[in-house]
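The structure appears right after this line, and notes come after that.
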Amino acid sequence: PQLTALKRLMRLSSPKRCALGTNESLCEGLGTHDFDDVSDHGPPPDEADPEDMELDNILPQSDDEGDGHPDRSLPQRQGVPPDVRGSTLAVDESIRSLPREESWQSEVPTSFWASEPNPKWESAHRTVELAFTLPETKNKLQQFSRDPLQFFIKSLRRKSVEISERRMTEDEKIGFKQAKHVEVKKYLTAKALEALPASMRPDRSQALRMRWILTYKTDETTGEKKPKARAVLLGYMDPEYSNRPTFAPTMTRTSRQLLLQLCAWQGMTCWKGDVSGAFLQGRPYERELHVIPVPELCEGLGLPPESVCLLRKACYGLVEAPIEWFETVNTFLHSIGYRQLRSDPCTWIYTQDDTVISIISGHVDDFLFTGRQNCPIWCDLQKKIQAQFDWQVWEKDNFTQCGVSVSRREDGSFDLSQKSYVEGIPEITISRDRRRQKHEPTTEAEKSQLRGLLGALSWHVGQVGYKFSAHVSLGLSARAAIDAEDNLYLLRYAWAEFNGHQVDAWHPEELVSKEGMQELKTLMSMQLCTEVMSGHCAGIPAL
């Protein structure tokens with residue numbers, strides 16, 4: 001079958017087919033002073049295909065096998081073992097019409113291969129099973145039906161992030177056992193689950209199950225990988241899944257830039273704080289929902305495995321967990337005097353006598369704080385915030401927030417960068433043969449690779465790499481330019497709020513117009529636009 005396929009390939013790919021025995025075919029096969037002695041071969045049989053004879057002159061010859069013609073003395077072809085097929089065929093490069101693609105194995109680093117043969121793979125009947133969980137929502141099923149291959153690729157990427165307990169070493173098992181203990185302690189401290197008496201326990205089919213997600217978390221400072229375990233609910237099993245609120249606002253990039261701009265301009269301090277186990281510190285969960293905890297949680301609660309409990313906090317995996325956490329933070333900040341901005345619901349400001357004392361902006365459990373140095377009001381607010389939630393270590397002036405590295409200069413300005421993120425974007429590998437095909441159209445696989453690369457770069461451009469905006473945007477699509485005047489108008493609106501002014505939503509022109517900005521003695525200038533929309537926030541009078 002392989003020989004037949006090779007024949008067909010040569011018939012289709014050959015730019016021109018020369019008749020056997022013609023001067024043209026002989027000139028192509030022989031050099032200037034070369035000749036082949038075929039006097040001993042004898043005439044070919046009548047039923048021989050002329051194109052078979054052409055192929056006979058190309059493939060390696062062997063007299064070990066017969067071809068069913070005992071009266072024929074022509075040497076026969078030599079078979080090629082499957083493990084080396086494609087690399088040992090003695091095909092003349094001048095006759096080959098299709099380029100030879102390099103195998104994917106050649107691109108895998110040598111260190112990734114086993115140093116010794118593995119007996120598991122020596123058997124010809126060895127198989128590998130790949131299991132995927134098909135989506136249950138309508139939109140995900142439509143995505144799967146449109147492109148099953150892409151769905152499988154994304155599933156493999158998600159699986160590659162998680163760690164399988166079955167493949168762990170003994171040291172890894174010990175590390176993740178300790179990580180599970182830390183997570184169980186968080187659940188017990190938050191009182192997220194409540195044991196039920198036997199008379200109030202529902203049927204197991206009416207309860208949601210939980211599972212462990214085991215990953216490695218890289219320390220942003222040292223680069224060390226630490227085991228991380230998180231117990232999550234299988235939220236898709238919730239019978240009211242489609243009717244629950246899912247939207248929760250997050251801090252915008254503009255708010256982050258304006259916060260740092262104001263901090264640099266006013267000489268305020270800037271802090272970054274990360275809440276530990278944020279969703280477990282949310283407000284009490286009002287809906288009645290029953291769950292079956294993982295065995296480690298059952299043991300911590302003093303219950304037998306597979307016990308049914310009542311959910312008291314919106315845990316990870318629940319569809320409304322993000323909005324429950326947001327409402328918890330919003331209610332608390334309002335209670336201590338902060339006011340929510342209209343331009344960004346995830347930004348809160350504290351003012352006194354038209355003076356900005358503090359601004360807080362948050363992205364889920366990652367918060368930025370700014371306050372006036374040596375101000376007793378800000379010191380009191382800071383103590384209340386740190387006492388309300390369980391925080392990791394607060395970092396001052398130099399930190400990483402949502403993948404963006406923020407560092408403060410001696411003059412009080414800030415530099416923003418994503419060096420580690422950009423260096424981690426994989427480049428598109430192009431084979432040697434593909435490089436020669438400069439005028440060939442791109443394939444669907446190559447277009448998919450390019451879209452993935454541009455998508456990764458677009459996030460960098462949207463955060464700090466603004467000077468590459470035009471190149472990436474043109475690569476993604478040829479869409480119309482955004483109205484710059486609308487952007488400036490929204491920027492003035494947000495900046496007025498950041499300066500402590502309550503802008504009238506029905507008549508914003510009083511403060512948002514250029515005349516209003518001049519009355520506030522915060523002139524709008526091209527220098528400010530450049531600073532706010534770039535990775536450098538300098539301490540200059542803004543807007």
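Readers should treat all values here as calculations from the given coordinates under stated rules, not as data from a laboratory. Here the structure is a predicted model, which means the values were calculated and not measured. Cβ coordinates were reconstructed from backbone atoms using ideal geometry, including for glycine residues, and neighbour counts include every protein chain displayed.
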Radius 12 Å from Cβ of R201, net charge of other residues (Lys, Arg +1; Asp, Glu -1): -2
By average C-beta atoms within 10 angstrom, highest first, the peptides 345-355, 140-150: 345-355, 140-150
Anisotropy class of region 171-328 from Cα gyration tensor, a/c 1.5 cut: oblate
